[in-house]
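Take a look at the structure below.
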Amino acid sequence: KREDCSNLIVPVCISCTHIAFGSIRMEPVFMILGQSAGTIATMALEKRKTIHDLTYEEVRGQLESDGQILDF
């Protein structure tokens, strides 16, 4: 939460079932999570915002322009 801690990105600490985490912890997924975290950090620095102030649309647009596939 914004009031608890600002600008902390933990890409592999996600909320899911044990079964879902089994597939999420595969290397390609970890690489995508890392790319997303790095993109968010870079965007926050470049825009002089906190990560909480970035909109989903901003982040999604950047990830898609970087070639990340977000939907099937």
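Residues of region 12-36 that are under 17 Å from ILE69 (Cβ atoms) and surrounded by 12 or more Cβ atoms within 10 Å (Cβ to Cβ): ILE24, VAL29, PHE30, ILE32, LEU33, GLY34, GLN35, SER36.
Is it the case that region 21-30 has a residue that's in a loop (DSSP other than H, G, I, E, B) and either within 12 Å of the chain's Cα centre (by Cα) or free of Cβ contacts under 8 Å to residues at least 40 places away in the same chain (or both)? So far as region 21-30 goes, yes, one or more of its residues are in a loop (DSSP other than H, G, I, E, B) and either within 12 Å of the chain's Cα centre (by Cα) or free of Cβ contacts under 8 Å to residues at least 40 places away in the same chain (or both).
Residue selection: ILE9 satisfies the criterion of being in contact with a helix residue (DSSP H, G or I) (Cβ under 6 Å, 6 or more places away or on another chain) and surrounded by 13 or more Cβ atoms within 10 Å (Cβ to Cβ).
Per this entry, GLY61 is not counted among residues that are without any contact (Cβ under 8 Å) to a residue 40 or more places away in the chain, in a loop (DSSP other than H, G, I, E, B) and open to solvent by less than 70 Å² (accessible area, probe 1.4 Å).
The single condition among (1) outside any helix (DSSP H, G or I); (2) surrounded by 12 or more Cβ atoms within 10 Å (Cβ to Cβ) that GLY67 does not satisfy is (2). Residue selection: ARG25 fails the criterion of being under 21 Å from ARG2 (Cβ atoms) and either modelled with pLDDT of 95 or more or of a type outside the set (Ser, Thr, Tyr) (or both).
Out of all the residues in region 31-46, is one or more of a type outside the set (Lys, Arg) and not in a helix (DSSP H, G or I)? No, region 31-46 has no match at all.
Checked against (1) modelled with pLDDT of 90 or more; (2) among the charged types (D, E, K, R); (3) open to solvent by 70 Å² or more (accessible area, probe 1.4 Å), ASP4 meets all criteria but (1). Scan region 39-52 for residues that are modelled with pLDDT of 95 or more and either touching a Cys at 6+ places or on another chain (Cβ under 8 Å) or open to solvent by less than 80 Å² (accessible area, probe 1.4 Å) (or both) and jot them down. Those that are modelled with pLDDT of 95 or more and either touching a Cys at 6+ places or on another chain (Cβ under 8 Å) or open to solvent by less than 80 Å² (accessible area, probe 1.4 Å) (or both): THR39, ILE40, ALA41, THR42, MET43, ALA44.
The values are calculated or read from the model by the stated rules, or taken from the named source; none is laboratory data. What you see is a predicted model; the values in this text were computed from it and never measured. Positions of Cβ are generated from backbone atoms using ideal geometry, with glycine treated the same way; all protein chains shown enter the neighbour counts. Quick note on the areas: whole protein, heavy atoms, side chains included, nothing else; ligands and nucleic acids left out. Shrake-Rupley method; radii C 1.70, N 1.55, O 1.52, S 1.80 Å.
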